[in-house]
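Structure first, then comments.
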Amino acid sequence: MKIAVIQGPNLNMLGVREQQIYGPMKLEQIHAQMKDFAGQNKLEVEFFQSNLEGEIVDKIQECYGEVDGIIINAAAYTHTSIAIRDAISAVGIPAIEVHISNIHRREDFRKENMIAPVCTSSIVGFGPFGYHLAMMGMLQIMNEMKAAQEMQTQTTQAVE
Ligand code: DQA
(Lines give C-alpha, C1' and ligand atoms only; values in the text may rest on other atoms or scores of the structure.)
Protein backbone atom coordinates (compact mmCIF):
# COMPACT_ATOMS: atom_id res chain seq x y z
CA MET A 1 0.00 0.00 0.00
CA LYS A 2 1.29 3.42 -0.95
CA ILE A 3 0.83 6.75 0.86
CA ALA A 4 1.48 10.23 -0.59
CA VAL A 5 2.37 12.99 1.84
CA ILE A 6 1.53 16.40 0.33
CA GLN A 7 2.80 19.58 1.99
CA GLY A 8 1.57 23.05 1.11
CA PRO A 9 3.10 26.53 1.08
CA ASN A 10 5.73 27.64 3.57
CA LEU A 11 6.05 24.20 5.16
CA ASN A 12 9.50 24.05 3.54
CA MET A 13 10.31 26.82 6.06
CA LEU A 14 9.62 24.67 9.12
CA GLY A 15 12.43 25.03 11.64
CA VAL A 16 12.79 28.68 10.59
CA ARG A 17 9.25 30.10 10.50
CA GLU A 18 7.46 31.07 13.74
CA GLN A 19 9.07 28.45 15.96
CA GLN A 20 6.80 29.44 18.86
CA ILE A 21 3.88 28.10 16.76
CA TYR A 22 5.41 25.35 14.60
CA GLY A 23 8.40 24.26 16.70
CA PRO A 24 12.03 23.71 15.71
CA MET A 25 11.69 20.56 13.57
CA LYS A 26 12.51 20.80 9.87
CA LEU A 27 10.30 19.23 7.21
CA GLU A 28 13.08 16.76 6.28
CA GLN A 29 13.21 15.52 9.88
CA ILE A 30 9.43 15.03 9.97
CA HIS A 31 9.60 13.12 6.68
CA ALA A 32 12.49 10.95 7.91
CA GLN A 33 10.39 9.88 10.92
CA MET A 34 7.39 9.14 8.69
CA LYS A 35 9.61 7.09 6.38
CA ASP A 36 10.83 5.03 9.36
CA PHE A 37 7.26 4.36 10.45
CA ALA A 38 6.27 3.39 6.91
CA GLY A 39 9.22 0.99 6.63
CA GLN A 40 8.35 -0.66 9.95
CA ASN A 41 4.77 -1.18 8.80
CA LYS A 42 5.37 -2.27 5.20
CA LEU A 43 3.92 0.92 3.72
CA GLU A 44 5.42 2.74 0.76
CA VAL A 45 5.56 6.51 1.22
CA GLU A 46 6.37 9.45 -1.08
CA PHE A 47 6.77 13.12 -0.18
CA PHE A 48 5.83 16.26 -2.10
CA GLN A 49 5.98 19.93 -1.10
CA SER A 50 4.92 22.93 -3.17
CA ASN A 51 4.19 26.59 -2.62
CA LEU A 52 1.90 26.63 -5.67
CA GLU A 53 -1.78 25.74 -5.60
CA GLY A 54 -1.87 24.33 -9.16
CA GLU A 55 1.10 22.05 -8.49
CA ILE A 56 -0.69 20.64 -5.45
CA VAL A 57 -3.82 20.04 -7.55
CA ASP A 58 -1.65 18.29 -10.21
CA LYS A 59 -0.01 16.11 -7.55
CA ILE A 60 -3.37 15.04 -6.08
CA GLN A 61 -4.61 14.15 -9.59
CA GLU A 62 -1.43 12.12 -10.22
CA CYS A 63 -2.25 10.08 -7.11
CA TYR A 64 -5.32 8.63 -8.87
CA GLY A 65 -4.77 4.93 -9.49
CA GLU A 66 -1.25 5.13 -8.01
CA VAL A 67 -1.72 5.81 -4.32
CA ASP A 68 -3.96 4.27 -1.63
CA GLY A 69 -3.97 7.13 0.88
CA ILE A 70 -3.11 10.84 1.06
CA ILE A 71 -1.81 12.75 4.08
CA ILE A 72 -2.08 16.46 3.34
CA ASN A 73 -1.22 19.69 5.09
CA ALA A 74 -2.54 22.24 2.60
CA ALA A 75 -1.23 24.98 4.94
CA ALA A 76 -2.65 28.44 4.04
CA TYR A 77 -4.56 26.95 1.06
CA THR A 78 -6.67 25.04 3.60
CA HIS A 79 -8.56 28.24 4.22
CA THR A 80 -9.04 29.32 0.60
CA SER A 81 -8.63 26.57 -1.98
CA ILE A 82 -11.75 25.13 -3.55
CA ALA A 83 -9.43 23.71 -6.27
CA ILE A 84 -7.52 21.53 -3.77
CA ARG A 85 -10.76 20.49 -2.11
CA ASP A 86 -12.25 19.48 -5.49
CA ALA A 87 -9.09 17.54 -6.41
CA ILE A 88 -9.26 15.48 -3.20
CA SER A 89 -12.93 14.87 -3.81
CA ALA A 90 -12.32 13.96 -7.48
CA VAL A 91 -9.70 11.25 -6.88
CA GLY A 92 -11.76 9.64 -4.10
CA ILE A 93 -8.66 8.48 -2.21
CA PRO A 94 -8.89 8.38 1.61
CA ALA A 95 -7.21 11.56 2.88
CA ILE A 96 -6.13 12.71 6.33
CA GLU A 97 -5.42 16.40 6.81
CA VAL A 98 -2.79 17.50 9.31
CA HIS A 99 -2.22 20.90 10.89
CA ILE A 100 0.76 21.35 13.15
CA SER A 101 -0.92 24.16 15.07
CA ASN A 102 -4.45 24.16 16.45
CA ILE A 103 -6.12 26.20 13.70
CA HIS A 104 -9.30 26.50 15.80
CA ARG A 105 -7.47 28.50 18.48
CA ARG A 106 -5.86 31.00 16.12
CA GLU A 107 -7.06 33.88 13.94
CA ASP A 108 -10.66 33.74 12.71
CA PHE A 109 -9.61 33.33 9.05
CA ARG A 110 -7.99 29.98 9.98
CA LYS A 111 -11.35 28.65 11.20
CA GLU A 112 -12.54 28.56 7.58
CA ASN A 113 -11.57 25.11 6.23
CA MET A 114 -12.21 24.07 2.62
CA ILE A 115 -10.33 20.77 2.95
CA ALA A 116 -11.72 19.06 6.08
CA PRO A 117 -15.16 18.16 4.63
CA VAL A 118 -13.57 16.00 1.90
CA CYS A 119 -11.09 14.27 4.24
CA THR A 120 -11.60 11.11 6.26
CA SER A 121 -10.23 12.88 9.32
CA SER A 122 -8.31 15.90 10.58
CA ILE A 123 -5.44 16.00 13.07
CA VAL A 124 -4.70 19.45 14.51
CA GLY A 125 -2.63 20.96 17.27
CA PHE A 126 -0.24 18.09 18.08
CA GLY A 127 2.81 19.78 16.56
CA PRO A 128 4.92 17.63 14.20
CA PHE A 129 3.71 14.55 16.14
CA GLY A 130 0.45 15.01 14.22
CA TYR A 131 2.16 13.54 11.15
CA HIS A 132 3.00 10.39 13.13
CA LEU A 133 -0.63 10.17 14.29
CA ALA A 134 -1.70 10.56 10.65
CA MET A 135 0.56 7.63 9.64
CA MET A 136 -1.00 5.51 12.41
CA GLY A 137 -4.47 6.54 11.26
CA MET A 138 -3.61 5.75 7.66
CA LEU A 139 -2.29 2.30 8.65
CA GLN A 140 -5.62 1.62 10.33
CA ILE A 141 -7.54 2.77 7.22
CA MET A 142 -5.31 0.59 4.97
CA ASN A 143 -5.85 -2.46 7.22
CA GLU A 144 -9.62 -1.90 7.16
CA MET A 145 -9.54 -1.58 3.35
CA LYS A 146 -7.54 -4.82 3.03
CA ALA A 147 -9.94 -6.66 5.36
CA ALA A 148 -12.94 -5.39 3.36
CA GLN A 149 -11.32 -6.50 0.07
CA GLU A 150 -10.59 -9.97 1.51
CA MET A 151 -14.16 -10.27 2.75
CA GLN A 152 -15.42 -9.27 -0.72
CA THR A 153 -13.20 -11.89 -2.40
CA GLN A 154 -14.41 -14.60 -0.01
CA THR A 155 -18.07 -13.66 -0.64
CA THR A 156 -17.55 -13.70 -4.42
CA GLN A 157 -15.83 -17.11 -4.23
CA ALA A 158 -18.63 -18.53 -2.04
CA VAL A 159 -21.26 -17.42 -4.60
CA GLU A 160 -19.38 -18.96 -7.56
C1 DQA B 1 -0.87 25.14 9.16
C2 DQA B 1 -1.92 26.15 9.63
C3 DQA B 1 -2.27 27.13 8.52
O4 DQA B 1 -3.24 28.05 8.97
C5 DQA B 1 -1.04 27.91 8.12
O6 DQA B 1 -1.33 28.78 7.05
C7 DQA B 1 0.13 27.04 7.81
C8 DQA B 1 0.36 25.85 8.62
C9 DQA B 1 -0.43 24.19 10.30
O10 DQA B 1 0.16 23.17 9.98
O11 DQA B 1 -0.64 24.50 11.47
O12 DQA B 1 0.94 27.35 6.94
O13 DQA B 1 -1.44 24.34 8.14
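For the reader, a short list of remarks on this structure follows.
- The string of couplings for segment 93-98 from the Karplus curve (6.51, -1.76, 1.60, θ = phi - 60°) is 8, x, 10, 10, 9, 10 Hz, one whole number per residue in order, with x for Gly and Pro.
- Net charge in the neighbourhood of ILE21 (other residues with Cβ under 12 Å of its Cβ; Lys, Arg +1, Asp, Glu -1) is +2.
- Between ASN102 and ASN51, the FRET efficiency estimated from the beta carbon spacing at R0 = 25 angstrom works out to 0.60.
- Other-chain or far-sequence residues with amide H under 5 Å of LEU43's (modelled H): none
- Rounded to the nearest 10 square angstrom, THR156 shows an accessible area of 60 square angstrom against a 1.4 Å probe.
- Cα gyration tensor shape of segment 111-160, rounded if a/c is under 1.5, else prolate or oblate by comparing a/b with b/c: oblate
- Accessible surface for segment 2-159, divided over its residues, is 53 Å² per residue with a 1.4 Å probe.
- Each residue of segment 9-54 gets 79 Å³ once the volume of the Cα convex hull is shared out per residue.
- Remark on the chain: ratio of C-alpha radius of gyration to 2.2 N^0.38 Å is 1.08.
- Cα-Cα over 28 Å, subset of LYS59/LYS111; LYS26/LYS146; LYS111/LYS146; LYS2/LYS26; LYS35/LYS111: LYS26/LYS146; LYS111/LYS146; LYS35/LYS111
- Global geometry of segment 9-87, whether rounded, prolate or oblate, following the gyration tensor of its Cα atoms and the 1.5 cut on a/c: oblate
- Percent RCO, i.e. relative contact order, over segment 2-159, from Cα pairs under 8 Å lying at least 6 residues apart: 25 percent
- For segment 10-93, the fraction of 1.4 Å probe accessible surface lying on carbon and sulfur atoms is 47 percent.
The values are calculated or read from the model by the stated rules, or taken from the named source; none is laboratory data. Here the structure is a predicted model, which is why all the values come from computation and not from measurement. Please note: Cβ atoms are built from the backbone with ideal geometry, for glycine as well, and neighbour counts cover all protein chains shown. When the accessible area is computed, the model is the full protein with side chains, heavy atoms only, and any ligands, DNA or RNA have been set aside. Shrake-Rupley method; radii C 1.70, N 1.55, O 1.52, S 1.80 Å.
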